[in-house]
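Engineer: One structure, pasted below without further comment.
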Amino acid sequence: MAVTTMSSLSDLAGRLEQQVGNPASYRAVLTRVLLRTGVNVREPKPGQNEDQALVAKAAAALTEMGYRL
Amino acid sequence: MDQGLLTQEELRTAYSSSIDPGEAARELIGQFGTVDAAAVLFFASPAVAGEPIARALVERFPAVPVIGCTSAGEFTERGTATGGVSAVVLPHGVVRRAAGALARLDAGVDAGIAAAVADVEGQLQLSLRDADPDRYIGLLLVDGMHGSEERVNEVLGNLAPLLSFVGGSAGDDLKFAKTEVFFGDASCDHGAILLVLDVAVPFTVIKTCSFEPTGTSFTITAADVPNRIVWELNGRPAAEVYAEAVQRTVDTLDSSVFTAHPLGLMIDGEPWIRSPQQVIEGRGVKFYCQILPGMDVDLMRATDLIGETRAVMRKAVADLDDAVSGAVVFNCILRRLEIDEKNWNDDFVAAIGGIRVAGFHTYGESWLGHINQTLTAVVFGR
């Protein structure tokens with residue numbers, strides 16, 4: 001599992017967007033994350049943005065995809 | 001149809017209804033005409049032996065990837081049917097080069113896909129992780145009987161997260177006994193075919209399903225993910241909660257209800273459909289794809305399959321400035337069954353037609369993940 005210092009899903013999203021760059025590719029990567037984890041990084045439900053379990057789950061999936069955030 | 005006057009920037013499509021594989025192959029090759037092929041795809045009913053067709057296509061088109069799979073119905077822009085073979089040639093005017101590989105999954109999906117990716121990378125002399133997604137695209141055929149699609153897509157996402165692999169799960173005319181994928185003269189009933197294309201023209205990926213949220217949503221609170229079973233919705237037995245939502249009793253839930261009311265994982269306002277298959281002992285519901293605990297899903301209702309298919313195809317053509325060389329299309333068997341039931345075959349062909357199209361009716365669709373009751377396609381420009 002990824003070791004993350006991110007405080008929120010929005011923090012995670014921002015770092016990923018910087019790393020990926022291309023908007024279409026960024027959305028595709030987050031779609032992959034949602035399909036394989038259930039975590040909606042871009043549009044979390046109220047109360048989910050700072051949920052550390054969800055942040056860790058999404059970060060782990062991104063680590064598997066080669067993104068070290 | 002005489003395709004001899006087509007340019008090298010147009011896909012060649014073909015269909016044969018012959019159950020003799022030799023005759024089918026001759027008909028397909030005859031319909032292709034003279035063409036400088038970069039890749040060949042075929043989709044064959046299990047009623048027609050696929051290996052002889054593959055061998056004949058390999059003989060006609062040596063040194064290019066020939067891939068295929070068994071189907072639950074096949075179509076081109078000229079018609080849709082079962083029991084035959086549809087096929088398409090991607091010419092060099094559309095695809096600069098193509099690299100394919102067979103991933104045998106018996107020893108594990110991760111190892112099989114990794115080996116196939118490495119094979120393709122070696123052929124292209126390119127890391128798929130670094131492949132420009134505006135230039136390269138993958139086509140994916142997965143056997144439809146082993147439930148491997150989710151992990152196949154995940155591993156592809158791990159190895160090449162920016163590269164789209166679009167495709168479908170092989171079918172077997174609703175026998176649910178054995179599906180096959182073909183690569184060259186090899187066949188495999190537990191495997192996947194990767195075909196990566198270095199595309200010379202603009203292209204676009206489309207995904208369409210004819211459903212909208214009803215306003216009723218559920219949280220998955222218990223599931224057996226590998227077996228695609230949901231045990232609880234909102235903390236209660238899944239079959240009971242679903243039945244209440246569709247105003248039925250559990251014992252009256254059948255395929256017609258499930259087909260009309262799948263669940264949708266909403267992403268950026270678009271539904272990614274998860275289709276229920278059956279109620280199982282213990283009041284769980286088995287699905288045609290995985291749903292994870294914690295996921296929030298919407299109960300969907302059907303809209304306009306033909307109209308929305310037509311609209312998405314037209315948009316794709318418009319996005320390519322009305323200069324289209326053709327498309328490879330993957331259409332869910334559940335959509336085909338609805339099309340058959342409502343006598344929409346001609347309407348479906350018209351909706352995807354107007355451009356050269358070849359494809360098959362699948363046991364599931366792939367794009368970024370495994371999905372149901374959806375049409376996915378790659379539309380190539382000029």
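Engineer: Cα-based Rg (one decimal) and Dmax (whole number) for the stretch B:211-302, in Å?
Structural biologist: Expressed in Å, the Cα Rg and Dmax of the stretch B:211-302 come to 11.5, 35.
Engineer: Would you work out the Kirkwood radius for the protein assembly as shown? I mean one over the mean of 1/r across all pairs of different Cα atoms, in Å. Walk me through the numbers before you get to the answer.
Structural biologist: Working: mean 1/r = 0.0453 Å⁻¹.
After inverting the mean inverse Cα-Cα distance, the result is 22.1 Å.
Engineer: Rounded if a/c is under 1.5, else prolate if a/b beats b/c, else oblate: with a ≥ b ≥ c from the C-alpha gyration tensor eigenvalues square-rooted, which is chain A? Before the final figure, lay out the partial values.
Structural biologist: Numbers: a/c = 1.40, a/b = 1.23, b/c = 1.14.
Taking the square roots of the gyration eigenvalues as a ≥ b ≥ c, chain A is rounded.
Engineer: Could you give the dipole magnitude of the protein assembly as shown about its Cα centre, charging the beta-carbon of Lys and Arg +1 and that of Asp and Glu -1, in debye to the nearest 20? It would help to have the intermediate numbers written out before the result.
Structural biologist: On the way: 37 positive and 57 negative charges, 97 e Å.
The calculation lands at about 460 debye.
Engineer: Could you line up B:362, A:63 from fewest to most neighbouring Cβ atoms inside 10 Å?
Structural biologist: Details: B:362 33, A:63 16.
In order of increasing Cβ crowding within 10 Å: A:63, B:362.
Engineer: Could you calculate the contour length gain from residue B:36 to residue B:212, that is, 0.36 nm times the residue separation minus the distance between their Cα atoms, to one decimal place in nm? All intermediate terms of the calculation are to be shown ahead of the outcome.
Structural biologist: Values: separation 176, 0.36 × 176 = 63.36 nm, distance 4.30 nm.
Stretched fully, the residue B:36-residue B:212 segment lengthens by 59.1 nm.
Engineer: A further question follows. So which DSSP H runs in chain B come out at 18 Å plus along the axis (Cα) with average Kyte-Doolittle of at least 0.0?
Structural biologist: B:109-124, B:305-319
Engineer: Toward the positive end of the charge dipole of the stretch B:36-110, about the Cα centre and with charges on Cβ (Lys, Arg +1; Asp, Glu -1), which of B:99, B:46, B:73 goes farthest?
Structural biologist: B:99
Engineer: To the nearest 500 deg cm²/dmol, what mean residue ellipticity at 222 nm is calculated for chain B from DSSP H runs of n ≥ 4 alone, each contributing -39,500 (n - 2.57), summed and divided by the residues?
Structural biologist: So the calculated ellipticity at 222 nm is -7500 deg cm²/dmol.
Engineer: Additional query: Using a simple charge model, +1 on the beta-carbon of Lys and Arg, -1 on the beta-carbon of Asp and Glu, nothing else, what dipole does the stretch B:211-302 show about its Cα centre, in debye to the nearest 20?
Structural biologist: I would put it at about 160 debye.
Engineer: Taking each pair of different alpha-carbon atoms in chain B once, compute 1/r for the pair, average those values, and report the inverse of that mean as the Kirkwood hydrodynamic radius in Å to one decimal.
Structural biologist: Taking every pair of different Cα atoms in chain B, averaging 1/r and inverting gives 20.7 Å.
Engineer: Let me ask something additional. Let's test the formula: R0 of 41 Å, r as the Cβ-Cβ distance of residue B:20 and residue B:123. What FRET efficiency results, to the nearest 0.05?
Structural biologist: Calculated transfer efficiency: 0.80.
Engineer: Once you average over the residues of A:31-44, how many Cβ atoms of partner chains fall within 10 Å of each Cβ?
Structural biologist: The shielding value for this peptide is 6.
Engineer: While we're on this one: Quick check: Cα centre of the stretch B:101-157 to Cα centre of the stretch B:214-233, how many Å?
Structural biologist: Here the two parts' Cα centres lie 28 Å apart.
Engineer: Along the charge dipole of chain B, Cβ charges K/R +1 and D/E -1, which of B:157, B:85, B:174 sits furthest on the positive end?
Structural biologist: After comparing all options, I get B:85.
Any read-out appearing in this document is the output of simple, stated calculations on the displayed coordinates, not a laboratory observation. Predicted model, so just to flag it, every value in this text is computed and none were measured. Using ideal geometry, Cβ is built from the backbone for each residue, glycine included, and neighbour counts are taken over all protein chains shown.
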